[in-house]
Amino acid sequence: GLGGALVALGGQLQSGYELAADLVGLRRHLGQAQLVVTGEGTLDRASFAGKVVGGVVHDASALGVPALVIAGRVAPGVDAESEDQHVHIVSLVQEFGERRAMEDTLSCIETVVRESLGRFTSG
């Protein structure tokens, strides 16, 4: 599509995550953090390969910062893949049931973050 045409005209492909992370100084901010919270509607293996969630988790892990990933749904086997990266994954559907997770998402996210803060932060 358009990306291929731009490359043919001399453009350069670049990761959207890398570009945005560099522009906002994300790695510098992560280095000062005790915890990073990120999320996605459906977390699956692809989430850790080129998507924002994967980039954030990778960068946080490289800096020794734990990550909390909140997802609407989590595909089977994803928890086991992330254990080596100091990542805690929460499925809103599993935690609160599908109806509440879909209808009261913000409240569910706030609850998960509030309950998780003590696990990751000191003081």
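The magnitude of the dipole of the range 13-81, with charges of +1 and -1 set on the Cβ of Lys/Arg and Asp/Glu and taken from the Cα centre, is near 100 debye. Across the chain, C-alpha contacts under 8 Å between residues 6 or more apart give a mean separation that, scaled by the residue count, equals a relative contact order of 20 percent. Remark: the chain carries a charge dipole of roughly 220 debye about the Cα centre, counting +1 on each Lys and Arg Cβ and -1 on each Asp and Glu Cβ.
Quick one: pull the percent of accessible area on the chain belonging to carbon and sulfur, 1.4 Å probe, ligands and nucleic acids left out. Whole-percent figure for carbon plus sulfur exposure: 54. Counted by Cβ distance under 13 Å from LEU106, the other residues give a net charge of -1, where Lys and Arg count +1 and Asp and Glu count -1. Considering only LEU43, LEU106, LEU13, the mean-square fluctuation computed in a Gaussian network model of the chain, springs between alpha carbons under 10 angstrom, is largest for LEU13. Three principal axis extents of the range 1-51 based on alpha-carbon atoms, in descending order, are 44, 27, 13 Å.
Near LEU26, once Lys and Arg are set to +1 and Asp and Glu to -1 for all other residues with Cβ below 12 Å from its Cβ, the sum equals -1. Looking at the P(r) of the chain, how many percent of alpha-carbon pairs lie beyond 23 Å? Summing the P(r) tail past 23 Å for the chain gives 39 percent. Counting only protein heavy atoms and a 1.4 Å probe, the chain has 62 square angstrom of accessible area per residue. Contact order, relative form, for the range 33-83: 51 percent (alpha carbon pairs under 8 Å, 6 or more residues apart, mean separation divided by residue count).
Reported to the nearest whole Å, the Cα centre-to-centre distance from the range 88-123 to the range 13-44 is 20.
The values are calculated or read from the model by the stated rules, or taken from the named source; none is laboratory data. What you are looking at is a predicted structure, and each value in this text was computed from that prediction instead of being measured. Neighbour counts run over all protein chains shown; Cβ positions are idealised from the backbone, glycine included. Surface accessibility is based on the protein's heavy atoms, side chains included, excluding ligands, DNA and RNA. Shrake-Rupley method; radii C 1.70, N 1.55, O 1.52, S 1.80 Å.
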